[in-house]
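Structure, as structure tokens:
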Amino acid sequence: ALGRANAGRFTRFLAVGAVASTVYLGGFAVLLMAGVHYLPAGAAALLLAIGLNFTINGAWTFGFGRSSLATQAIAFLAVQLAIGALTLALLHLLVTSGVEHVMLAQLLAAGTMAPANYLASQRWGFR
């Protein structure tokens with residue numbers, strides 16, 4: 001029923017998130033190795049992952065809604081930028097609180113935000 005459909009959708013969302021996170025973390029690592037500070041590196045890698053996330057989640061997880069593709073892309077971008085800002089704030093909090101490995105801090109921050117990301121993406125990202 002509805003619960004089962006939402007569970008399947010959430011599972012697809014997590015799978016897409018795993019792919020996007022791999023792309024994100026790869027871009028993040030490359031930028032860190034190039035000497036970029038972790039906050040701009042996180043922001044740049046986030047933009048890369050958002051494009052991938054929108055494409056796959058629209059096609060596979062949520063389906064593209066009734067609104068125009070441009071409207072959905074803008075709404076999804078707004079959701080992802082808000083979640084991304086919260087994730088970066090949490091990343092900064094973790095790093096400045098003593099989590100020494102920045103990649104671990106990033107994984108913890110992103111994992112913490114996954115449920116909120118799903119709910120916001122479902123509610124406002126694909127309409």
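The values are calculated or read from the model by the stated rules, or taken from the named source; none is laboratory data. Remember, it's a predicted structure, so these values are computed and weren't measured experimentally. For neighbour counting, all protein chains shown are included, and Cβ atoms are generated from backbone atoms with ideal geometry for every residue, glycine included. Only protein heavy atoms, including side chains, enter the accessible area calculation; ligands, DNA and RNA are left aside. Shrake-Rupley method; radii C 1.70, N 1.55, O 1.52, S 1.80 Å.
List of remarks:
- Segment 79-97, residues that are open to solvent by 60 Å² or more (accessible area, probe 1.4 Å) and closer than 16 Å to Arg127 by Cβ: none
- In segment 98-127, residue surrounded by the fewest Cβ atoms within 10 Å (Cβ to Cβ) [restricted to those that are of a type in the set (Phe, Trp, Tyr) and more than 13 Å from the chain's Cα centre (by Cα)]: Trp124
- Taking the criterion of being under 20 Å from Leu91 (Cβ atoms), loosely packed, with under 13 Cβ neighbours inside 10 Å and of a type outside the set (A, V, I, L, M, F, W, C), the residues of segment 1-39 that qualify are Thr22, Gly35, His37.
- Val95 being part of a helix (DSSP H, G or I) and not aromatic (Phe, Trp, Tyr): yes
- Just one of the numbered conditions (1) crowded, with 17+ Cβ neighbours inside 10 Å; (2) over 11 Å from the mean Cα position of the chain (by Cα) is not true of Phe76: (2).
- Within segment 40-67, tally of residues that are open to solvent by less than 60 Å² (accessible area, probe 1.4 Å), over 19 Å from Gln122 (Cβ atoms) and more than 14 Å from the chain's Cα centre (by Cα): 1
To keep it simple, each residue is scored yes or no on (1) part of a helix (DSSP H, G or I); (2) within 18 Å of Tyr118 (Cα to Cα); (3) of a type in the set (A, V, I, L, M).
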| position | (1), (2), (3) |
| --- | --- |
| Ala44 | yes, no, yes |
| Leu47 | yes, yes, yes |
| Thr55 | yes, yes, no |
| Phe64 | no, yes, no |
| Thr71 | yes, no, no |
| Ile74 | yes, yes, yes |
| Ile83 | yes, yes, yes |
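- Filter result for Leu104 (in a helix (DSSP H, G or I), at pLDDT 90 or above and out of contact with any Ser or Thr (no Cβ under 9 Å at 6 or more places or on another chain)): yes
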